[in-house]
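The structure is given below, and queries will be raised subsequently.
The values are calculated or read from the model by the stated rules, or taken from the named source; none is laboratory data. Just so we're clear, the structure is a prediction, and the values are computed from it rather than from any experiment. Note: ideal-geometry Cβ built from the backbone for every residue, glycine included; neighbour counts use all protein chains shown. Ligands, DNA and RNA are stripped out before the accessible areas are found, and what is left, the full protein with its side chains, is counted by its heavy atoms. Shrake-Rupley method; radii C 1.70, N 1.55, O 1.52, S 1.80 Å.
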Amino acid sequence: MKKLFTFICVALMVMGSWAQVSYDVIPQPRSVQLNPNGEVYVLSQQAVVTWVSGNEKMASNALLLSEYLQADAQFTVVPQADVKRSAKKGAPVGAAITLCLAPAKGNVAKKGKSAAQKRQSSLSDNPDAYQLTVDQNGVTIIGVTEEGVFRGIQTLRKAIGTQGGAQIELPYVTIQDEPRFSYRGVHFDTARHFFPVDFIKTFIDIMALHGCNQFHWHLTEDQGWRFEVKSMPKLAQKGSVRKQTVLGRNAGIYDGQPYGGYYTQEDCREIVAYAAKRYINVIPEIDLPGHMLGALHVYPELGCTGGPYEVWPTWGVSEDVLCAGNPKTLDFLKRVYDELCEVFPSKLIHIGGDESPRVRWKHCPKCQAKMKELGLKNEAELQTYINKEMDKHLTAKGRTLIGWDETLEGGLSENGIVMSWRGMKGGIEAARQHHRVIMTPTDYCYIDYYQLKDDWAQPHGIGGYVPVSKVYSLEPVPSELTEEEAQYILGPQVNLWTEYVGFPEHAMYMLLPRLDAISEVQWLPKEQKNYETFKQRLGRMEQLYDRLGYKYCHKTE
Ligand code: ACM
Ligand code: ZN
């Protein structure tokens with residue numbers, strides 16, 4: 001009896017050290033074909049992950065894969081270039097995981113293709129497309145680009161999950177995947193509250209895990225200017241600091257504590273490089289002409305009244321904005337954007353343009369004179385004049401402007417991309433005018449709203465109610481659009497504003513698991529979405545969050 005007990009214990013220990021792999025991950029890959037015979041490839045500790053030497057991006061991919069498996073599952077794989085694979089009857093030696101590029105379309109002669117090349121040729125041209133195969137030869141991730149391979153790496157690590165052990169049994173499978181949308185964004189407001197560089201990197205890691213590719217970084221606000229402009233050092237030094245912060249929901253009581261922080265250009269470059277390794281583009285936003293008290297505090301002459309202005313200690317929308325009639329305003333903005341473009345290589349640059357009250361302009365002699373000079377009918381057209389000037393400036397640098405949907409009001413500049421946040425209306429109108437559109441409607445995508453009905457049972461949100469199921473239900477391409485107009489929808493994004501979110505743990509809680517929901521909207525064709533299986537798949541993601549120390553909302557509504 002005692003022997004039997006010992007045997008069972010040992011058997012359980014051995015079994016426990018073998019991993020449970022599941023390809024039911026988030027976002028769900030488009031096609032997962034398991035081998036019906038149930039065969040598995042056994043990945044051992046110290047297994048080699050290989051690529052063809054000379055490809056630095058692939059070397060970085062391999063290194064990241066090894067770091068992921070170590071952190072997620074305490075499982076060691078060893079990156080090593082140019083290791084040949086030899087699979088002699090179920091006893092593979094050499095590389096266990098191979099990362100490679102599909103040959104460019106048309107490069108492979110029809111005759112004499114190897115089995116691997118035949119598989120590769122079924123990949124689409126989407127730069128994020130990948131194929132992940134597990135068979136007797138091991139694991140192969142093929143991408144059209146290194147970016148596609150990186151997306152496949154994320155699927156592999158999520159399939160392995162947290163349960164490393166001595167060996168990992170990977171069921172034979174062929175996965176084919178590519179995202180539905182080319183733009184898969186997440187916005188983060190680091191101006192209402194400042195978040196340290198290390199956390200921005202964690203934020204980017206979380207995005208990478210979910211296959212997102214655009215980090216929209218909101219850098220300036222009424223409550224603080226957080227981007228270093230070297231030619232105007234006071235802007236960040238003084239403009240980032242508010243004397244105190246209001247308590248509660250603008251309760252009229254203040255904490256009496258100075259609050260500040262900004263990102264040096266070196267910090268920004270470090271973050272851009274960190275994101276680039278994870279195939280995430282960083283889109284900086286300097287919001288203009290409103291949300292500018294951080295700058296007006298330092299340069300009061302740029303406001304219609306001449307100030308003085310304080311870095312705002314309260315939440316809301318200030319009526320004090322940049323004076324559109326003062327020629328110094330455009331000089332100032334161009335200098336700021338010149339430095340911004342030096343630091344951020346992104347083709348897309350966000351100029352904000354939201355919530356900019358025009359009441360000061362109505363009463364400002366300089367603004368009214370400018371309107372007269374340009375023959376403008378109203379103040380909306382005055383804002384368009386600024387947008388167009390910025391558009392010209394950015395276009396000359398080879399960049400493309402993004403603006404919130406208010407930028408449509410006076411007629412959007414030709415080249416501009418609209419970010420539709422006040423519902424889908426702005427996006428529909430913009431697509432009909434043949435402007436490209438990013439969909440981020442408040443009702444589905446504002447993750448500073450509460451995710452549970454009982455708002456007392458959770459950390460603060462700004463109000464509202466956007467549960468995971470609501471995010472999941474977003475269809476970013478409105479049915480009103482024709483097929484041709486629908487092509488202008490680049491993709492969806494969630495936005496995390498931080499008036500009521502002051503710490504990394506709280507930011508993660510707001511993000512997860514709503515990011516899981518949006519990632520599936522970003523990747524899966526709408527007919528393949530399935531909220532019931534999504535909820536089941538979420539359990540495995542949560543194990544990973546627990547392992548990696550990511551905070552999340554444990555309940556889904
Ligand atoms: C916004 O939420 N003000 C774009
Ligand atoms: Zn003015």
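Report, in debye and to the nearest 20, how large the dipole of the range 289-414 comes out about its Cα centre when Lys and Arg carry +1 and Asp and Glu carry -1 on their Cβ.
The calculation lands at about 380 debye.
Go through the range 507-524 residue by residue and turn each phi into a ³J(HN,Hα) via Karplus (6.51, -1.76, 1.60, θ = phi - 60°); whole Hz please, and just put x for glycine and proline.
Computed from phi, the couplings for the range 507-524 are 4, 4, 4, 5, 6, 10, x, 5, 5, 4, 5, 5, 5, 6, 5, 6, 9, 8 Hz.
Any chance you could give the angle, 0 to 90 degrees and rounded to 10, that helix 379-396 forms with the longest Cα principal axis of the chain?
Value to nearest ten degrees: 50.
Just the accessible area per residue of the range 410-504, please: how many Å² with a 1.4 Å probe?
Dividing the accessible area of the range 410-504 by its residue count gives 41 Å².
Let me ask something additional. Mind running the shape call on the range 449-553? Use the C-alpha gyration tensor, a ≥ b ≥ c as the square roots of the eigenvalues: rounded below 1.5 for a/c, prolate if a/b tops b/c, oblate otherwise.
Note, shape of the range 449-553 comes out prolate.
Anything over 25 Å Cα to Cα? Flag those among 201/347; 277/334; 234/377; 158/551; 453/535; 397/425, in the order listed.
The pairs that break the limit, which is 25 Å between Cα atoms, are 277/334; 234/377; 397/425.
So in the chain, what percent of DSSP beta bridges are antiparallel if you round to the nearest 5?
Antiparallel bridges make up about 40 percent of those DSSP assigns within the chain.
In sequence order, what are the phi-derived ³J(HN,Hα) couplings for the range 164-174 according to the Karplus relation 6.51 cos²θ - 1.76 cosθ + 1.60 with θ = phi - 60°, rounded to whole Hz, with x for glycine and proline?
x, x, 6, 9, 10, 8, 9, x, 4, 7, 10
Please compute the contact order of the range 475-557 in relative form: average sequence separation of alpha-carbon pairs under 8 Å and at least six residues apart, divided by the residue count, as a percent.
Relative contact order of the range 475-557: 33 percent.
Work out the charge dipole of the chain with +1 on the Cβ of Lys and Arg and -1 on the Cβ of Asp and Glu about the Cα centre, then indicate which of 231, 471, 450 is farthest towards its positive end.
Farthest towards the positive end: 471.
May I ask you to derive the relative contact order of the range 340-451, considering only C-alpha pairs under 8 Å and at least 6 residues apart, and to give it as an integer percent?
Averaging sequence separation for qualifying contacts and normalising by length gives 22 percent for the range 340-451.
Fully extended, how many nm does the chain gain between residue 554 and residue 395 (0.36 nm per residue separation, minus their Cα-Cα distance)?
Length gained, residue 554 through residue 395: 52.7 nm.
If contacts are Cα pairs under 8 angstrom and at least 6 residues apart, what is the relative contact order of the chain in percent?
14 percent.
When Lys and Arg each count +1 and Asp and Glu each count -1, what net charge do the other residues less than 15 Å away from residue 314, Cβ to Cβ, add up to?
Overall, the nearby charge balance is -4.
Check the straight Cα-Cα distances from residue 370 and name the aspartates and glutamates below 14 Å, setting aside those fewer than 8 residues away within the same chain.
379, 381, 389
Right, here's the next one. Could you state the accessible area per residue of the range 309-397 in Å², with a 1.4 Å probe and every protein chain left in place?
Accessible area per residue, the range 309-397: 42 Å².
Per residue, how much accessible area does the range 183-298 show when a 1.4 Å probe rolls over the protein heavy atoms, in square angstrom?
29 Å²
Now for a different question. Which of the aspartates and glutamates could a cross-linker bridge to residue 238, judged by Cα under 16 Å and excluding same-chain residues fewer than eight apart?
In chain and number order, the partners are 221, 222, 228, 301, 310.
Taking the Cα centre of the chain as origin, work out the dipole magnitude from +1 charges on Lys and Arg Cβ and -1 charges on Asp and Glu Cβ, in debye rounded to 20.
1540 debye
A further question on this structure: Please work out the FRET efficiency for the pair residue 255 and residue 462, using the Cβ-Cβ distance as r and a Förster radius of 22 Å; give the result to the nearest 0.05.
Between residue 255 and residue 462 the formula returns 0.75.
Another question, if that's okay. With a cut-off of at most 14 other beta carbons within 10 Å, and DSSP calling the residue loop, which GluC sites (Glu not before Pro) in the range 419-492 qualify? Please list them.
Of the GluC sites (Glu not before Pro), the ones in loops of the range 419-492 whose Cβ has at most 14 other Cβ atoms within 10 Å are 480.
Write out the trypsin sites (Lys or Arg not before Pro) in the range 411-461 meeting two conditions: DSSP loop, and at most 12 other Cβ atoms within 10 Å of their Cβ.
Qualifying residues, ordered by number: 453.
If you count, for each residue, the other Cβ atoms within 10 Å and average over each peptide, how do 60-66, 545-551 line up from highest to lowest?
Going from most to least packed, we get 60-66, 545-551.
So who's got an amide H within less than 5 Å of the one on residue 292, skipping anything under 5 residues away but keeping other chains? H placed 1.01 Å off N, in plane.
222
Across the range 469-476, in residue order, what do the Karplus-derived ³J(HN,Hα) couplings come to in whole Hz, using 6.51 cos²θ - 1.76 cosθ + 1.60 with θ = phi - 60° and x for Gly and Pro?
4, 5, 4, 4, 7, 4, 10, x
Another one. Go through 426, 272, 77 and say which Cα lies farthest out towards the positive end of the charge dipole of the chain; charges sit on Cβ, +1 for Lys and Arg, -1 for Asp and Glu.
77
Do the sum for the chain: with -39,500 (n - 2.57) for every DSSP H run of n ≥ 4, divided by all residues, what is the mean residue ellipticity at 222 nm, to the nearest 500 deg cm²/dmol?
Helix contribution divided over all residues of the chain: -10500 deg cm²/dmol.
Taking amide H positions as placed in the peptide plane 1.01 Å from N, state which residues far from residue 216 in sequence (5 or more) or on other chains have amide H under 5 Å from it.
When sequence neighbours closer than 5 places are left aside, the close amide H contacts are 186, 187, 188, 283.
Further question: Roughly how many Å² of residue 311 are accessible to a 1.4 Å probe, to the nearest 10?
Around 10 Å² of this residue is reachable by solvent.
For residue 402, enumerate residues with amide H under 5 Å from its amide H, sequence gap 5+ or separate chain, H modeled in the peptide plane.
349, 350, 351, 417
Mind checking the dipole of the range 504-557: about its Cα centre, +1 per Lys or Arg Cβ, -1 per Asp or Glu Cβ, Debye to the nearest 20?
40 debye
Just want the answer: with Cβ charges of +1 for Lys and Arg and -1 for Asp and Glu, which residue in 27, 323, 522 is farthest toward the dipole's positive end in the chain?
27
Moving to a separate point now. Of the heavy-atom accessible surface of the chain (probe 1.4 angstrom), what whole percent is carbon and sulfur?
Carbon and sulfur atoms account for 54 percent of the accessible area of the chain.
What angle, in degrees between 0 and 90 and rounded to the nearest 10, separates the Cα long axis of helix 2-16 from the longest principal axis of the Cα atoms of the chain?
50 degrees
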